[in-house]
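Comments concern the structure below.
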Amino acid sequence: MNCIIVDDEPGARKLLEEYIGDIDFLQLVGKAENPLKANALLSNQQIDLLFLDVNMPKMSGIEFLRSLPTVPPTILTTAYTEYAIEGFELNVLDYLVKPISFERFLKACNKAREYYTFLSGRPAPQTEELPAPAGYFFVKCDGKIEKVQYDELVFVEAMLNYIVLHTDTRKLIVHLTMKAISDQLPSRLFLKIHKSTIINVDKVKSIDGNEVDLGKNKVVISQSLQESVIKEIIRDRMLKR
């Protein structure tokens with residue numbers, strides 16, 4: 001995937017360049033320090049993914065996207081969370097808040113590759129970072145090996161040195177870390193809304209402030225993640241007048 005970086009901070013551009021260099025399905029084909037210089041990069045070649053800062057002189061990243069006749073697949077990279085709603089209204093793929101960890105960056109890029117694959121109609125090559133094609137996984141619980149379907153898992157809850165898998169019909173207490181289960185779950189379906197909670201987005205019934213109703217259970221969104229989580233749940237499916 002051909003990608004470009006648009007960011008006015010040299011340090012931010014350097015970090016993103018290093019991250020991109022470590023991901024085999026990304027090819028960096030250009031960098032720009034402001035949106036005006038990015039126009040030429042977008043005009044001269046096919047760009048499959050744009051990494052775009054929000055706060056920049058003369059023109060913000062949001063204003064730049066609104067000015068484009070066709071918005072390329074975009075991941076916003078910014079130190080500010082208050083632009084999340086505007087970003088997702090423009091159908092950006094993801095919203096990364098600086099400082100950006102490589103783990104979070106890779107998750108966003110995998111999401112971008114899934115979208116690229118969907119558009120191109122080609123099957124995605126499997127890597128260790130991508131979920132297995134099967135719609136289930138196995139865990140060891142009470143001496144038994146239990147099979148858990150992705151579509152039956154409602155949410156995951158951290159509990160000391162264990163995690164609790166809440167499904168439609170049962171509750172499994174498993175000796176695993178949140179990171180281990182997060183790495184297994186497909187990012188297109190599951191979303192971390194708190195340091196101790198991962199939800200199945202398809203199970204959301206409603207959102208009331210910082211509380212998500214999952215039917216039989218209600219869970220709380222972390223205050224620092226509230227805006228971005230709500231936009232990720234809603235994505236582009238909010239009906240408007």
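Here are the numbers:
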item: Candidates Lys144, Lys203, Lys192: whichever shows maximal mean-square fluctuation once the chain is modelled as a Gaussian network with Cα springs under 10 Å; result: Lys144
item: The chain - percent of accessible surface contributed by carbon and sulfur, probe 1.4 Å; result: 51 percent
item: Per residue, in Å², the accessible surface of the range 1-115 once ligands and nucleic acids are set aside, probe 1.4 Å; result: 46 Å²
item: Surface accessible to a 1.4 Å probe, per residue, for the residues of the range 143-241, Å²; result: 60 Å²
item: Centroid-to-centroid separation of the range 34-81 and the range 170-190 [C-alpha atoms, Å]; result: 34 Å
item: Too-long pairs where the Cα-Cα distance tops 22 Å, listed order kept, from Lys140/Lys203; Lys31/Lys192; Lys195/Lys218; Lys111/Lys140; result: Lys140/Lys203; Lys31/Lys192; Lys111/Lys140
item: With at most 11 other Cβ atoms within 10 Å, longest stretch of the chain clear of loop GluC sites (Glu not before Pro) (DSSP); result: 129-241
item: Size of electric dipole in the chain: Cβ of Lys, Arg +1 and of Asp, Glu -1, about Cα centre, debye, nearest 20; result: 500 debye
item: Mean Cα-pair separation over length for the chain, i.e. relative contact order, pairs under 8 Å, 6 or more apart, %; result: 12 percent
item: Gain on full stretching of the segment that runs from Lys171 to Asn44 - 0.36 nm per residue minus C-alpha separation; result: 40.3 nm
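The values are calculated or read from the model by the stated rules, or taken from the named source; none is laboratory data. Here the structure is a predicted model, which means the values were calculated and not measured. Every residue, glycine as well, gets a Cβ built from its backbone with ideal geometry; the counts of neighbours run over all protein chains shown. Each accessible area value is taken on the protein alone, full model and side chains, heavy atoms only, with ligands, DNA and RNA left out. Shrake-Rupley method; radii C 1.70, N 1.55, O 1.52, S 1.80 Å.
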